[in-house]
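Q: Please read through the structure below; I'll follow up with questions.
The values are calculated or read from the model by the stated rules, or taken from the named source; none is laboratory data. Computed from a predicted structure; not experimentally measured. For neighbour counting, all protein chains shown are included, and Cβ atoms are generated from backbone atoms with ideal geometry for every residue, glycine included. Each accessible area value is taken on the protein alone, full model and side chains, heavy atoms only, with ligands, DNA and RNA left out. Shrake-Rupley method; radii C 1.70, N 1.55, O 1.52, S 1.80 Å.
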Amino acid sequence: LGSPQNHYVACTSRTSWTSTTYKLGLNISFLQIQQQHFILGHAKLIHFAEKATTLTSPTMTSLLYTALILPACLAVSIYGQGTHSEDTAETGQCVRCCAPENPPGPQIIALPQHMNAEKGDKGERGFPGRTGKMGPKGHKGVAGPPGPTGPLGPPGPQEKLQASAFSVTRSKPMEGTKYYQVVMYDKVLVNTGDHFNLYTGKFYCVIAGIYYFSASVHTYNSRTTYLHLMKNNQPQVILFAQEGDRSIMQSQTVMLELKVGDQVWMRMDYGDHLAIFGDDVDAYITFSGHLVFPTYNI
C-alpha cells in the first residue's frame, strides 16, 4: 500500500487507534494509489501522443487527443480531489492533518507545446451562392471605330418602268355651236399604254402622279378662240385669242396631279363666233401630255 503513514489522520475522538482508524487509513491509501495510477497512465498517454504526432497526420493527432488524452485529464481531475472536508472535525470523524500535495479542485495538466501542425488537404468546392441584385447601369462607352465595308450585294429585281405619254393632232378646222364641245383629234403621234382615247378625245389616268400637259391652236381670221383644258368636269387653264384680221398660233401648258381614273381633255366654249383653224398640210391643233413621276410611293 506504499507509505500511507505520512498521510494518516489524527483521530479527534477520545478513542485510540481502532478498526475505524485502520479502515479510514486503508481508504485514503487506496485513493492515493488510484490517483498515482491515473497520473502515471496520463503521463504514458501524453508520451504516446507525442510519439504519434511524429508519425501521423494532423487529423490523426487531433483524434488521439480527443479520444485518449482529454478523458484521462477529466478522470484525474475527479479522483484527484481527495476527501478533504473542514466540516468532518465537528462530527467526530477523522480529518486530514496536513495539506495534500495536490490541492482540491480540477487538476490542470499541461499539453505538449512543441506539436507541429501541417496544412490540410484542400476541401471540395462549395455550392454557388445566390445571385445578387443587379447593379446600376454603367455609363455609355466610347463608340468604336467603324467596321470595314461589306461586300456588294446582288442587284435587286428590275422594276417595271412606270410610263404614260401621248401626243395627238387635228387636221380639220372646228367652229363653235350652241353647246360645249370636246375637241376631237384624228392623228396619234405618241400613245404609251393607250391611255389616250381617240374616240372620246380624252386622256384617262392609269398611273397616279404628276403630269405635264400642253395644247396649241391656230386662230381663225375674224373669229374668237376660246378653249379650256379640263380635268374631269372642272376647267383648269384657258387658251384664248380675240378675233382679228390676222391669224396667230396660241398655246398653253400646265402640270396637274392626277389620281387613277381622272380624265383630261380640251373643251371649246359655246357660240357661233368661236372657231380654230386647221388643214391636212400642217398640224396646227395639238394636244400632248406625259407622266413626270408617279406618286403611289411618296
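Q: How do the pairs read when you match residues in the range 175-196 that are farther than 15 Å from TYR211 by Cα and basic (Lys, Arg) with residues anywhere that are assigned to a loop (DSSP other than H, G, I, E, B) and open to solvent by 60 Å² or more (accessible area, probe 1.4 Å), using Cβ under 7 Å and keeping only pairs 6 or more apart or on different chains?
A: LYS178/TYR270
Q: Would you please name the residue that is nearest to VAL260 (Cα to Cα), looking only at residues in the range 215-237 that are of a type in the set (S, T, N, Q) and open to solvent by less than 30 Å² (accessible area, probe 1.4 Å)?
A: The extreme case among them is SER216.
Q: I would also like to ask the following. Could you grab me the full set of residues in the range 266-290 that are part of a strand (DSSP E or B) and open to solvent by less than 20 Å² (accessible area, probe 1.4 Å)?
A: Across the range 266-290, the qualifying residues are MET266, MET268, LEU274, ALA275, ILE276, ILE285, PHE287, GLY289.
Q: Looking at (1) farther than 27 Å from LEU161 by Cα; (2) β-branched (Val, Ile, Thr); (3) surrounded by fewer than 18 Cβ atoms within 10 Å (Cβ to Cβ), find the lone condition where VAL183 falls short.
A: (3)
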